[in-house]
Amino acid sequence: MVPVDEGGGVMRTDVLGAPGEPTGIEGLDEALAAVDAFDAVLVAGLLRPQPAQAAGLAELAGAVAGSPLAAKVAEAAEKAAAGSAGEDHVVALAAARTALLGAVHDAVAARIAEATGRPFATSADRQPGGSTAPNLLAAARSWLTDLARVGWQGIDHDLVSGAAQIVSALLPDPAPGPRRLATLLDGFAAELAASCPGAALDRIPARRWGDLWARGVLLTVPGAAGTPETTPVSGRLLPLGVDVQEHATAVQVQVHAVFEPADGTPSRLVRAGASAPKPDTVVGAGLWQLLRPHFSLLTAVGEGRSMEVVDMELTADGDFVWDDGRARSGGPADPFATARVALATATDTDCAPLERHPARIAVPVFLEGYAVRTDEGAVEFETAGHGLAVDTDRIPTAGPLTPEAVATSSACIGLLRWDAGRFRVQPLAVEATVRKKAVALHAGGWAGGTTDKVGAKAEKAATDAVAVLRERAGRLLRK
């Protein structure tokens, strides 16, 4: 962050710990060890628990012994260790695992707040979940319980395919809760199916599958899949940068921004996102044309402009429910000027209890005046003798920002994340010297269109691919 005497706040990298070293957050390692112990239990399954699994279950129960979950989790761990755990016991174990990662989230978020000096909003409220048919929730819970019993090493196509009917029954429900559960189960089942049989796996993503399993189990609890409360707001949106998340068949972008309410209340950090299905042949800059027609904010980002929103719904979690009809282009807005002037005083948004997970943390920060160190491709920013790892692997190919530009940069807008036990910054934009000329390069620089030769070529290739696919789809529909 910029120095206090220049009107900004100081980003204290010293409290984040050196790259590769422990963060020094009390209890964090113990909480993660308990999660890992339970994840090891899920690898082998609960059908015929061995002494090592009983120890893992006891470690999970011990980690929440001082919480309101203590009695239920202790009973569940005892039943699971004896091989007689029911669905209610499985829910209790999933809740304990989720609570531990929620505690890790809160501890890491508190350390980031100490580093940035920015205030946090109060915890986000949620409306109770819709009235999903209890039999569908029970069916989903039964399938997830069967997964826990056989373990990741025991999965096969017959078991995994059992999710298909549940997903088909949940999807027609228009409420966010059932659709959310259906989407999770569909993706989870597809990932498991691609890994069957489990007994042949050389490496099991225990943490990831544990996350998906626990979230699915809790979403089957009636009322758990609540939706964030929304409030219509008006004001000015000042974009900071774009986070691009690409999959073989889908793409999602999140625009991180500072929102200045028209009523004069304090500014806050917000997000606005859009997603779209995509063919696997559309890559790089071609992604933008799939999103632009539904998300006018991308044009404003590409042109370096603000946006004025009127009565746009904003969730308690800080996410806009984007509606192009309630937004219009504003005046010029340089993201680096926004970062230097407005970021330090914007309120960070907290999240609801069920959403608390360290992987969810992505806090906008601004760094400058640092030295760049590189070692075998790894990049690190150093300020006042303290290093901060840079996650260049997250830089998308859909924009002009490159790892090479980051390595020659002097200022950076990024997302501070916590990954694999240490803090990292994901660059969204940098000020760098390219061919002896100072330039600003943004991950979303081509969001509104580009004259860059590489970007324009990728856009044209994507346009041709999409046109061919649409023509083929139309032909099939006519038949």
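The values are calculated or read from the model by the stated rules, or taken from the named source; none is laboratory data. From a predicted model like this one, the values you see are computed outputs, not experimental measurements. Because the Cβ atoms are built from the backbone with ideal geometry, glycine has one as well, and the counts that use them run over all protein chains shown.
In segment 301-314, what residues are within 14 Å of Thr230 (Cα to Cα) and either crowded, with 20+ Cβ neighbours inside 10 Å or touching a Cys at 6+ places or on another chain (Cβ under 6 Å) (or both)?
Met312, Leu314 - these are the residues of segment 301-314 that are within 14 Å of Thr230 (Cα to Cα) and either crowded, with 20+ Cβ neighbours inside 10 Å or touching a Cys at 6+ places or on another chain (Cβ under 6 Å) (or both).
Would segment 390-403 turn up any residue that is more than 22 Å from the chain's Cα centre (by Cα) and not assigned by TED's automatic domain parsing to the domain that holds Thr116?
Yes.
Within segment 169-181, can one find any residue that is farther than 30 Å from Leu314 by Cβ and either in contact with a strand residue (DSSP E or B) (Cβ under 9 Å, 6 or more places away or on another chain) or in the same structural domain as Ala37 (by TED's automatic domain parsing) (or both)?
Yes - at least one qualifying residue is present in segment 169-181.
Name the single residue, out of those in segment 259-307 being closer than 19 Å to Pro332 by Cα and acidic (Asp, Glu), that is modelled with the highest pLDDT.
Among them, the one singled out is Glu260.
When you scan segment 153-162, do you find a residue that is within 26 Å of the chain's Cα centre (by Cα) and either of a type outside the set (Val, Ile, Thr) or at pLDDT below 95 (or both), even just one?
no
Residue-by-condition table, conditions (1) among the aliphatic types (A, V, I, L, M); (2) surrounded by 14 or more Cβ atoms within 10 Å (Cβ to Cβ):
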site: Ile166; (1), (2): yes, yes
site: Leu170; (1), (2): yes, yes
site: Ala189; (1), (2): yes, yes
site: Pro197; (1), (2): no, no
site: Ile204; (1), (2): yes, yes
site: Gly210; (1), (2): no, yes
site: Trp213; (1), (2): no, yes
site: Leu218; (1), (2): yes, yes
site: Pro222; (1), (2): no, yes
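Kindly state which helices (runs of 4 or more DSSP H) lie completely within segment 259-368 and contain at least 1 residues that are touching a strand residue (DSSP E or B) at 6+ places or on another chain (Cβ under 9 Å) and acidic (Asp, Glu).
Counting at least 1 such residues, we get 297-303.
In segment 239-269, what count of residues is obtained for those that are surrounded by fewer than 23 Cβ atoms within 10 Å (Cβ to Cβ) and not acidic (Asp, Glu)?
Number satisfying all stated conditions: 16.
Kindly list the number of the only condition in (1) buried (at least 19 other Cβ atoms within 10 Å of the Cβ); (2) under 16 Å from Ile112 (Cβ atoms); (3) in contact with a Cys (Cβ under 9 Å, 6 or more places away or on another chain) that fails for Pro427.
Of (1) buried (at least 19 other Cβ atoms within 10 Å of the Cβ); (2) under 16 Å from Ile112 (Cβ atoms); (3) in contact with a Cys (Cβ under 9 Å, 6 or more places away or on another chain), only one is false for Pro427: (2).
Give the residue, chosen from Phe381, Phe336, Phe320, that is at pLDDT 90 or above, aromatic (Phe, Trp, Tyr) and outside the structural domain of Gln245 (by TED's automatic domain parsing).
None of the others qualify; the one that does is Phe381.
Please work out which one of (1) surrounded by fewer than 21 Cβ atoms within 10 Å (Cβ to Cβ); (2) under 27 Å from Ala200 (Cβ atoms) is the condition Gln53 fails and give its number.
Status for Gln53: all satisfied but (1).
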